[in-house]
Structures are given as C-alpha cells and as structure tokens.
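Working notes, structure below.
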Amino acid sequence: MDKETAKNIRKGLTADCSKCFGLCCTALNMVASSDFPINKPAGTPCLNLQSDYSCQIHSQLRENGFKGCTVFDCLGAGQIVSQVTFNGQSWRDNPETAEKMFQILPIMEQIHEMIAYAAEAISYDIPNKLSDRLSQRLKELLDLTQLGADELLSLDLMMYRFSLDELLKVASDSIRENIIEKEIGAKKVKDFDHARADWMGKKLKDKDLSATDLRGAYLIAADMRNANLRAVNFIGADLRDADLSGADLSTSMFLTQMQINSAKGDVETKLPAHIQRPLHWI
C-alpha cells in the first residue's frame, strides 16, 4: 500500500454521528465523577439522547458536567456498526439485536484503533519489508470491519493486537533512531526510551523531547507547555489534563483524537494533520 492511500485511510477515521444510532450514548456506561454527573449502566440510553439519536445538550456538554462525552472518540466505529454490520437497522427498531450491537461497538472501536496505527505507520519512511508487512496487517483489519455480528463477537482481538504491536514498535524505533542519530546527533538511543514512564505532573515546559519513546507513559497533568514533541511515540500514553499549550506535536506518532481531547492545549499547539483541534481548547 502506498503512503498516500495510508494517509487517506488514517484521515478518514473520524466519527459521523449523523450515521450512528447514538451507540456511544447507549452502549457505554457512565460513572458519576468529574467526567459525568450521573450513573448510567451500559445498554441504557443517556437521558440526553433524543429520538433522532442526537444529543440535546451537545453544545453544552462540558457546562453540564459531561466532560467525558467531549473526550470520547470512536474513530468512526459507531457508523460502521450502525450502517455496515447492522445494515442501517437501529436498536430501537430491532430490539432483539440491541445487545449484540452494543457488544460490538467496543470491538469495532479496537479494530479502528488498530487500523489507525497501521495506516499511520505505513505513511512514514520505513523499510519496504516492514511496510509490506504492515500493509498486509492493515488489509486484514479492514476486512474485519465487513464481518457479520456473530463473526465479530468471536474474534480473538488480542492475537491481532499482539502481532501489530510488534510491527509498530519496530516502525517507531526505526523512525526515532534515524532522527536521533542523524538530526540530533546523539549516540545513546536508549537514553530516549521512557516507555511506561510515570511522569504524572512532571514539569516538562520548554523541554526538547523530540524522538522520545513515551509508549504507555503516564503523563496525567504533566506540564508540557512549549515542549518539542516531534517524532515522539505516544502510543497508549495517558495524556489526561496534560498541558500541551504551545507544544509542537506536528510529527508526533500514534496520537489519537481521544488522547488529545483529554489533554489541555491552545491555538498555538501544533497537531498532526489527522488530529482535529478540540473545541474546548479554543
């Protein structure tokens, strides 16, 4: 698969709520907290969900205590479950399929997340053999989105995730090592490895963290204002309430919309092309 096709696939993974049956508002649970003002069990429609599957307080979610709703992003999984898996038949019109539909949403979310990572990796300058292997994985994942409900429910997602994770690490290491050695001039690549680091609340303002591996790192409430975060691997990192104001994430790797939605930022924050600037940042 060529880079341009991969980039288009990655950019196309966006939610279209007009083609979804309010699945995130129904299938998922809510727990009264700083993210939600109410308890809502999975499979029960949110009190704000209207008959046309739109949210009656969509433009005032944060003001009404539904911060979690503004963070969540399904990467387009909701409309695929609604329009492809269940052929446009809603859970309201077909209550006998409702439980399956609600169970499949998180499965499709995980598939779309893996598609996003694989497509993004292919868009980079990586060895041809690695690109070919990732392309094969991507095609397999895209095929999964076309499966029927029962087939999706029987999938072993861990098998797909494990095999993809290995390839993503190789891709990230290849990209980062090239930058570290040729652009930064550093010799010890291992000094840039902070995977799964506990940097909660850490003061990183104005730091040059380019090409750092922050896979699975805890960056909750970290001060990363004006930091250089180019070519940083953020896969699985927790960015809740991290302050990214003025930071350069323009070439950061494996960022998701949900990670960015959970962080803080401003109009000066530089984001990758496939990431939208959250409305609550403006």
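The values are calculated or read from the model by the stated rules, or taken from the named source; none is laboratory data. No experiment lies behind these values; they were computed from the predicted model shown. Methodologically, a virtual Cβ is constructed for each residue, glycine included, from the backbone with ideal geometry; neighbour enumeration extends over all protein chains shown.
Quick notes on this structure:
- Out of Glu177, Glu151, one residue alone is of a type outside the set (Gly, Ala, Ser) and closer than 15 Å to Val232 by Cβ. It is Glu177.
Every residue, every condition in (1) surrounded by fewer than 18 Cβ atoms within 10 Å (Cβ to Cβ); (2) modelled with pLDDT of 95 or more; (3) of a type in the set (Ser, Thr, Tyr), yes or no:
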site	(1), (2), (3)
Asp2	yes, no, no
Arg10	no, yes, no
Leu13	no, yes, no
Asp16	yes, yes, no
Cys24	no, yes, no
Ala27	no, yes, no
Ser34	yes, no, yes
Asn39	yes, yes, no
Leu47	yes, yes, no
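- Scanning segment 25-75 for residues that are over 23 Å from Lys264 (Cα atoms) and touching a helix residue (DSSP H, G or I) at 6+ places or on another chain (Cβ under 6 Å) gives Ala27, Gly43.
- Some residue of segment 103-123 being over 24 Å from Ile9 (Cβ atoms) and touching a helix residue (DSSP H, G or I) at 6+ places or on another chain (Cβ under 9 Å): yes
- Candidate set: segment 144-163, residues that are part of a helix (DSSP H, G or I) and among the acidic types (Asp, Glu); chosen: the one surrounded by the most Cβ atoms within 10 Å (Cβ to Cβ): Glu151
Residue by residue, here is whether (1) of a type in the set (A, V, I, L, M, F, W, C); (2) within 30 Å of Gly22 (Cβ to Cβ); (3) in contact with a His (Cβ under 9 Å, 6 or more places away or on another chain) holds:
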position: Phe72; (1), (2), (3): yes, yes, no
position: Thr85; (1), (2), (3): no, yes, no
position: Ser90; (1), (2), (3): no, yes, no
position: Tyr117; (1), (2), (3): no, yes, no
position: Asn128; (1), (2), (3): no, no, no
position: Gln136; (1), (2), (3): no, no, no
position: Asp173; (1), (2), (3): no, no, no
position: Glu183; (1), (2), (3): no, no, no
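- Applying a threshold of 7 Å to beta carbon distances and a minimum spacing of six or more residues, or different chains, the list of pairs starting in segment 133-155 at a residue that is among the basic types (Lys, Arg) and ending at one that is modelled with pLDDT of 95 or more reads Arg133/Leu167; Arg137/Ala118; Arg137/Leu164; Arg137/Leu167.
- Taken as a whole, the structure places Glu63 among residues that are among the charged types (D, E, K, R) and outside any helix (DSSP H, G or I).
- Unmet criterion (only one of (1) over 18 Å from Ala195 (Cα atoms); (2) surrounded by 20 or more Cβ atoms within 10 Å (Cβ to Cβ); (3) touching a strand residue (DSSP E or B) at 6+ places or on another chain (Cβ under 7 Å)) for Leu271: (3)
- Contacts under 6 angstrom Cβ, first residue in segment 29-56 being of a type in the set (Ser, Thr, Tyr), partner at pLDDT 95 or above, 6 or more apart: Tyr53/Phe21; Tyr53/Gly22
- Conditions (1) modelled with pLDDT of 95 or more; (2) under 22 Å from the mean Cα position of the chain (by Cα): number failed by Lys202: (2)
- Test: Gln83 is in contact with a Lys or Arg (Cβ under 6 Å, 6 or more places away or on another chain) and either surrounded by fewer than 16 Cβ atoms within 10 Å (Cβ to Cβ) or within 25 Å of Gln259 (Cβ to Cβ) (or both): yes
- Segment 250-269, residues that are of a type in the set (S, T, N, Q), touching a helix residue (DSSP H, G or I) at 6+ places or on another chain (Cβ under 8 Å) and either assigned to a helix (DSSP H, G or I) or closer than 11 Å to Phe234 by Cα (or both): Thr256, Asn261, Ser262
- Residue within segment 199-210 that is part of a helix (DSSP H, G or I) and without any contact (Cβ under 8 Å) to a residue 40 or more places away in the chain present: no
- For first residues located in segment 70-97 and at negative phi, partners that are small (Gly, Ala, Ser) and not in a loop (DSSP other than H, G, I, E, B) and lie 6+ apart or on another chain with Cβ distances below 6 Å form the pairs Val71/Ser262; Thr85/Ala149; Trp91/Ala98.
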